[in-house]
Amino acid sequence: MLKAHSIMMSNVEVYFMAYIHAICKESEGIRWGIWGKLMDLDYADDICLLTLSTRTMQKMLETLEKESAKAGLKINVKKIKEMRIALNNKEPLCIHNETIERVTQFTYLGSIIDNTVGTEEDIKACIRKAQTAFSTLNKIWHSTTYSTQTKLCIFNTKVKAVLLYGCETWKNSKYITIKLQVFINKSLRKILGIFWPYQITINELWKRMKQPRIVCLWDRASS
């Protein structure tokens, strides 16, 4: 897997993508579904090339470099990263005789992808971002001007949306569900102004705040 971005020429994204697709037609890609194959992921001038071997990837890079140069395009090697999943080959990948930096994870379209093929790091990052979003709105949570219903609307759009960004691609597990639900429960208690030693049961909290369990939201987003 290789991520490349920031082609050093303005207003050429369409031409660059056309070259990418032409080159990727010759690639083996990776298996996608029963009969299909996935060769690359594209977004604006960000691309992520996918192959099963370093030899095939190096060949794609050489072809990409050669064909792009014909159109006056140059790849910024310093902004390219490569990541290998379940591959022991240590042979480096190069462009312009420069070695591409190898990483164990990178961010693509706001989601963290790592070489463990898991989603834990991405979920932890979403929780941190949601915590930051919640903290920036502390004045609203503590305010008596806004009704609880208004605060819930703000929470759902400004915090929960950040928390569940990209959840359609997460692996559903009890451990992950609990971590997400704990964050939401703590946030709802703060919005209600319920702190120790005062207590409220989880079911009563959900009922008062009219909030569905996280597993229901997850299933709805994934369907």
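Remark: pairs (first residue in the stretch 58-83, touching a residue at least 40 places away in the same chain (Cβ under 8 Å); second residue in a helix (DSSP H, G or I) and loosely packed, with under 13 Cβ neighbours inside 10 Å; Cβ separation under 8 Å; 6+ apart in sequence or on different chains) = Glu67/Ala22. Residues of the stretch 137-165 that are within 27 Å of Gly118 (Cβ to Cβ) and surrounded by 15 or more Cβ atoms within 10 Å (Cβ to Cβ): Val159, Lys160, Val162, Leu163, Leu164, Tyr165. Among the residues in the stretch 113-126, are any touching an Asp or Glu at 6+ places or on another chain (Cβ under 8 Å), open to solvent by 60 Å² or more (accessible area, probe 1.4 Å) and of a type outside the set (A, V, I, L, M, F, W, C)? Yes, the stretch 113-126 contains at least one residue that is touching an Asp or Glu at 6+ places or on another chain (Cβ under 8 Å), open to solvent by 60 Å² or more (accessible area, probe 1.4 Å) and of a type outside the set (A, V, I, L, M, F, W, C).
The one condition from (1) at pLDDT below 90; (2) open to solvent by 20 Å² or more (accessible area, probe 1.4 Å); (3) more than 26 Å from Gln105 (Cβ to Cβ) that Ser222 does not meet is (3). Pairs only if they're at least six apart or on different chains, beta carbon under 6 angstrom, first in the stretch 145-172 and closer than 18 Å to Ile123 by Cα and small (Gly, Ala, Ser), second open to solvent by less than 60 Å² (accessible area, probe 1.4 Å) and not in a helix (DSSP H, G or I); list them, first residue then second. If the second residue must be open to solvent by less than 60 Å² (accessible area, probe 1.4 Å) and not in a helix (DSSP H, G or I), the pairs left are Gly166/Ser111.
Does the stretch 84-93 contain at least one residue that is outside any strand (DSSP E or B) and of a type in the set (Lys, Arg)? Yes, some residue in the stretch 84-93 is outside any strand (DSSP E or B) and of a type in the set (Lys, Arg). Scan the stretch 124-137 and tell me whether some residue there is free of Cβ contacts under 8 Å to residues at least 24 places away in the same chain, assigned to a helix (DSSP H, G or I) and farther than 30 Å from Cys48 by Cβ. Yes: the stretch 124-137 contains one or more residues that are free of Cβ contacts under 8 Å to residues at least 24 places away in the same chain, assigned to a helix (DSSP H, G or I) and farther than 30 Å from Cys48 by Cβ.
Glu67 satisfies every condition listed in (1) over 22 Å from Leu109 (Cα atoms); (2) buried (at least 17 other Cβ atoms within 10 Å of the Cβ) except (2). When the residues of the stretch 166-191 are filtered to those that are buried (at least 16 other Cβ atoms within 10 Å of the Cβ), hydrophobic (A, V, I, L, M, F, W, C) and assigned to a helix (DSSP H, G or I), the one that is modelled with the lowest pLDDT is Cys167.
The values are calculated or read from the model by the stated rules, or taken from the named source; none is laboratory data. All values reported here derive from a predicted model rather than from experimental measurement. Quick reminder, even Gly has a Cβ in these numbers, built from the backbone with ideal geometry, and neighbours come from all protein chains shown. Note: areas computed on protein heavy atoms with side chains; ligands, DNA, RNA excluded. Shrake-Rupley method; radii C 1.70, N 1.55, O 1.52, S 1.80 Å.
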